[in-house]
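First up is the structure itself, then whatever we jot down about it.
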Amino acid sequence: MTQTTEPAGRPYGGQSATERRLSRRNRLTEAVLDLVYESGIESLSVGAICERASVSKRHLYLSFSNLDDLTEETLTDVLAHVADRIAAASAELDSDAPRARLIEGAVEEILTAFDDPRVARLYLEAPGNRGLRAARDHAVAHFVTQLLTLLAGDRADDPRAQLIARVLVGGTTEGVALWLRGDVTLERTELVATLTALGVDAVNHILRLKPPH
């Protein structure tokens, strides 16, 4: 993200310049979520976002270089929170906890994020928007690394393991998108169980890989 530096400034209204900047940023990303949910990504504009967020265009461009940058950061924030939740949940598990439990927890964290219909709509709009695609692709790469770190052990650097992990994560995110659109008619518990089983099979395959000759 290209960001313009804002002058430090003095405290105003009981908030420091940094606090005011963060507040404006949060209002802008919340406005993106609201407007995309209401009217879709194609109707999104800088003017509409600023009006909804009560933020001037000048202040928007102090934090974001353009509209794609703002939409990308909005989805990135959501998916980064999911990754943090997965990491926190895995840290609470015993080292010998079943792999299925960790994978199931990861799937649940992803679905919980999409319980907010605004987030679900934003994610589903990703294929048609450059900024959202960039955020989604970055998140998939991060989840692949996270999966390999947590579950692949000394096979994490094996290109075959990396390929399996990428197919698993990419397929899982696509499966969730299909479910959100209503193209997969499963109950939530069935979706979680199916994706968990696929994840366990993939990880077991990774762990059975023999060192390449």
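Which Cα, out of S56, T29, V46, lies furthest along the positive dipole direction of the stretch 17-64 (beta carbon charges, K/R +1, D/E -1)?
Value: S56.
Measure nothing fancy, just the Cα-based angle from helix 188-207's long axis to the longest principal axis of the chain, in degrees from 0 to 90, nearest 10.
Taking the Cα atoms of the chain, the angle to 188-207 is about 60 degrees.
For helix 130-151, what angle does its Cα long axis make with the longest principal axis of the chain, in degrees from 0 to 90 and rounded to 10?
Between the helix axis and the principal axis of the chain, the angle is about 40 degrees.
For the chain, what D do you get in µm² per second when you plug the Kirkwood radius from alpha-carbon pairs into Stokes-Einstein at 25 °C and 0.890 mPa s?
Working: Rh = 18.9 Å.
Translational D for this selection: 130 µm²/s.
What is the Cα radius of gyration of the stretch 17-64 over 2.2 N^0.38 Å, N being its residue count?
1.09
Calculate, in nm to one decimal, what S56 and A88 gain on full extension: separation in residues at 0.36 nm each, minus their alpha carbon distance.
Going from the current span to full extension adds 7.9 nm.
Tell me the mean residue ellipticity at 222 nm calculated for the chain from its helices only (DSSP H runs of n ≥ 4, each -39500 (n - 2.57), averaged over every residue, nearest 500). Display every interim value, and only then the final one.
On the way: 9 runs with 152 residues, N = 213.
That calculation yields -24000 deg cm²/dmol at 222 nm.
Round to the nearest 10 and give me the degree value, 0 to 90, for the angle of helix 17-39's Cα axis relative to the longest principal axis of the chain.
70 degrees
With only Lys, Arg, Asp and Glu charged, each at its Cβ (+1 for the first two, -1 for the last two), find how big the charge dipole of the chain is about the Cα centre; round to the nearest 20 debye.
600 debye
Convert each backbone phi in the stretch 106-111 into a coupling constant with the Karplus relation 6.51 cos²θ - 1.76 cosθ + 1.60 (shift: θ = phi - 60°), then list the ³J(HN,Hα) values in order as whole Hz, x for Gly and Pro.
5, 4, 5, 5, 5, 5
Computed FRET efficiency, Cβ-Cβ of R130 and H205, R0 45 Å: what is it to the nearest 0.05?
0.85
Coordinate-derived values only; no laboratory data. Keep in mind it's a predicted model, so treat the numbers as computed, not measured. FYI the Cβ positions are ideal-geometry reconstructions off the backbone, even for glycines, and counts take in every protein chain you see.
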